[in-house]
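Scroll down for the structure; my scribbles are underneath it.
Quick note: the coordinates plus some simple rules give every number you see, no bench work behind them. Here the structure is a predicted model, which means the values were calculated and not measured. Reconstructed Cβ throughout: ideal geometry from the backbone, glycine too, with neighbour counts over all protein chains shown.
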Amino acid sequence: MAMKLYGYFRSSASYRARIALNYKGLTYESVAVDLRAPVSAQRTAQFLALNPEGLVPVLVDGDTVVRQSLAIIEYLEETHPAPPLLPQAPAARAQVRALTLAIACDIHPLNNLRVLNYLRDPLAHGDAEVHAWYAHWIARGFTALEQEVRDLSGDGRHMFGNAVTVADVFMVPQMANARRERCDVEPYPRLRAICEYLGSLPAFARAAPQAQSQP
């Protein structure tokens, strides 16, 4: 039975899970969860039974339900280890996880849609203020990552070393978000070069929002 991935085409967390599934050559059914509906599909009783947090993505693999994009990718790494998304050496694995967590914990949560919507209503911040908030945290995070990959990228095409890792899986959707929100990414040539190369790989290209069926 094929796995099911519940997600939203433009959700960066869902984007990450799609990349990992594609990279590992796994067959899965994509189930759209429409976040734009008058009553978000995330808040229906059916979806909340899968994920009480009401967030995408959710992976269903037989009787196993996995929530949170990083947990999903770790699950795929452990159940389908080839091709790997983490290096073998403990120190290298720690470096890759650190890059990944910088995006997963320090950048993305502050710019998540529900955070931005809370800034707008009930806190009544205008679009310009919300954009400034978004751009500020992108700049803080990308500035640090740009410096780190100078030393950690082995070829200028990957966040770490010379092969795709989970750090790449997280970086590409975050860059796509920054571009969609019209953030200035010119100060980050290394990150831009990495994302340009990765975006040309089939696993990444097939996972892109524009390649998905939209609800």
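A few points about this structure:
- FRET efficiency, residue 186 to residue 1 (Cβ-Cβ, R0 41 Å, nearest 0.05): 0.35
- Cα gyration tensor category, rounded, prolate or oblate, for the stretch 147-188 with a/c compared to 1.5: oblate
- Among 200, 69, 12, a tally of other beta-carbon atoms within 10 Å of each Cβ gives an order, fewest to most, of 200, 12, 69.
- Per-residue [θ]222 nm for the chain (sum of -39500 (n - 2.57) over DSSP H runs n ≥ 4, rounded to 500): -15000 deg cm²/dmol
- Point-charge dipole on Cβ atoms (K/R +1, D/E -1) for the stretch 90-203, about Cα centre, debye to 20: 220 debye
- Rg followed by Dmax, in Å, when the stretch 76-148 is reduced to its Cα trace: 16.7, 48
- Relative contact order [Cα under 8 Å, 6+ residues apart], the stretch 3-83, whole percent: 35 percent
- Hydrodynamic radius (Kirkwood) for the stretch 153-213, which is based on Cα pairs only, to one decimal in Å: 11.9 Å
- Pairwise FRET efficiency - residue 36 versus residue 193, Cβ, R0 = 41 Å, nearest 0.05: 0.80
- Across all Cα pairs in the stretch 90-203, the calculated P(r) in 5 Å bins from zero up to the longest distance comes to 2, 12, 23, 23, 17, 11, 7, 4, 2, 0 percent per bin.
- Taking the centroid of alpha carbons for each part, the stretch 1-28 and the stretch 150-189 are 19 Å apart.
- Gyration tensor (alpha-carbon) shape descriptor, the chain, a/c threshold 1.5: oblate
- Here the Karplus relation 6.51 cos²θ - 1.76 cosθ + 1.60, evaluated at θ = phi - 60°, turns the backbone of the stretch 154-162 into coupling constants of x, 9, x, 10, 9, 5, 9, x, 10 Hz, with x for every Gly and Pro.
- Using bins of 10 Å that start at zero, the share of Cα-Cα pairs per bin across the stretch 3-83 amounts to 19, 55, 22, 4, 0, in whole %.
- Between the residues 203, 130, 147, the greatest Cα displacement towards the positive end of the dipole of the stretch 90-203, with unit charges on the Cβ of Lys, Arg, Asp and Glu, is found for 203.
- Segments 45-51, 102-108 sorted - mean Cβ within 10 Å per residue, highest first: 102-108, 45-51
- Computed over the stretch 71-215: relative contact order in percent, which uses C-alpha pairs under 8 Å that are six or more apart: 23 percent
- 3J(HN,Hα) along the stretch 48-60, derived from phi through the Karplus expression 6.51 cos²θ - 1.76 cosθ + 1.60 where θ = phi - 60°, amounts to 5, 5, 7, 9, x, 6, x, 10, 9, x, 9, 9, 10 Hz, with x in place of Gly and Pro.
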